[in-house]
Amino acid sequence: MVNLFTSGDAVDERVRPLAETEAAWVPQYFGDDYLRLYQFPAERTDPEVAFLRDVLGQVAPGGRVLDLACGQGRHAVPLAQAGFRVTGLDYQANLLRAAAAQARALDVPLGLVRGDMRRLPFDGAFDAVICIFTAFGYFADAENARILHEVARALRPGGWFVLDVANRDALIRHAQERTWKELADGTRVTSAWTWDVAAGRYTHRQWMRGTDGRETALTHSVRVYTSTELTALLEAAGFRVERRHGGFRGEALTLDAPRLITLAQRA
């Protein structure tokens, strides 16, 4: 059974309309072309889910988990299969539909909410929140910080937060200006990155050219934080950072680690 509903639209003057923020690119970028761009094989997703199941070992069987910016449900659905009571929240209705279809196909119970991560419709409802694949950092610094306070509010006291973002140190050390790849359907994808080092923000532009000659341009922009910066933000939101990893196989966090995975507990 899949529940799909929309969070309330109560006016909150502290939250700007998405179209007026640094995340104005979200609706276009996370459309149907995103699902073509990011087809994740099992050999990538399975270790990530295994890692999450391990770090959520402190959560009692049947515990409630919020997958924040759940996308197409590639973590939410297998975690629900493992016995967690999972709710996925995302801004994109098309991604929620994809998650719902996957859950129905596997007969997995999954709650789905369309909403804004800056204004979560939950209070003390969850034993854990996960936010995976650099789904944090879309907004300006003050609003990114607000999201962490919203996560703390959604958690019960003592609840756990698993936050996975790209490791800023590694991104800058190994920055590439342009790359190319080809999708399984023959679509050619060209990617270009530009950096505002002072702001700690990158812009990623992608051009897709299909075998039919159709061309699509996509852009997204993300604020990436050092581990020190992220720890300060989490502590200001009422979290205690317990562990950090550089990858989903439990790797140590180093300058060259591809990920910055932080496990924090609400005070």
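Considering only segment 93-107, state which residues are crowded, with 21+ Cβ neighbours inside 10 Å and under 16 Å from the mean Cα position of the chain (by Cα).
If the condition is that a residue be crowded, with 21+ Cβ neighbours inside 10 Å and under 16 Å from the mean Cα position of the chain (by Cα), then Leu95, Leu96, Ala99 are the ones that fit.
In segment 234-249, is there at least one residue being touching a strand residue (DSSP E or B) at 6+ places or on another chain (Cβ under 9 Å), assigned to a helix (DSSP H, G or I) and crowded, with 20+ Cβ neighbours inside 10 Å?
Checked against the condition, which is being touching a strand residue (DSSP E or B) at 6+ places or on another chain (Cβ under 9 Å), assigned to a helix (DSSP H, G or I) and crowded, with 20+ Cβ neighbours inside 10 Å, segment 234-249 yields at least one hit.
Taking the criterion of being surrounded by fewer than 18 Cβ atoms within 10 Å (Cβ to Cβ), in contact with a His (Cβ under 9 Å, 6 or more places away or on another chain) and assigned by TED's automatic domain parsing to the domain that holds His149, would at least one residue in segment 50-65 satisfy it?
Within segment 50-65, not a single residue is surrounded by fewer than 18 Cβ atoms within 10 Å (Cβ to Cβ), in contact with a His (Cβ under 9 Å, 6 or more places away or on another chain) and assigned by TED's automatic domain parsing to the domain that holds His149.
Got at least one residue in segment 168-186 being touching a strand residue (DSSP E or B) at 6+ places or on another chain (Cβ under 6 Å) and in contact (Cβ under 8 Å) with a residue 40 or more places away in the chain?
Within segment 168-186 (the criterion being touching a strand residue (DSSP E or B) at 6+ places or on another chain (Cβ under 6 Å) and in contact (Cβ under 8 Å) with a residue 40 or more places away in the chain), the answer is no, since none of the residues qualifies.
Kindly indicate whether any position in segment 52-66 is in contact with a strand residue (DSSP E or B) (Cβ under 8 Å, 6 or more places away or on another chain) and on the phi > 0 side of the Ramachandran plot.
Yes - at least one qualifying residue is present in segment 52-66.
In the set Ala42, Ala69, which member is free of Cβ contacts under 8 Å to residues at least 24 places away in the same chain, in the same structural domain as Pro121 (by TED's automatic domain parsing) and of a type in the set (A, V, I, L, M, F, W, C)? Spell out how you get there, then give the answer.
Values: Ala69 fails: free of Cβ contacts under 8 Å to residues at least 24 places away in the same chain.
The match here is Ala42.
Quick one: what pairs do we get from segment 230-247, first residue not assigned by TED's automatic domain parsing to the domain that holds Phe136, second buried (at least 17 other Cβ atoms within 10 Å of the Cβ) and in a helix (DSSP H, G or I), C-beta under 8 Å, 6+ apart or different chains?
That search, which allows pairs on different chains as well, returns nothing.
The values are calculated or read from the model by the stated rules, or taken from the named source; none is laboratory data. Nothing here was measured: the structure is a model prediction, and the numbers come from that model. So basically every Cβ, Gly included, is an ideal-geometry build from the backbone, and we count neighbours across all protein chains shown.
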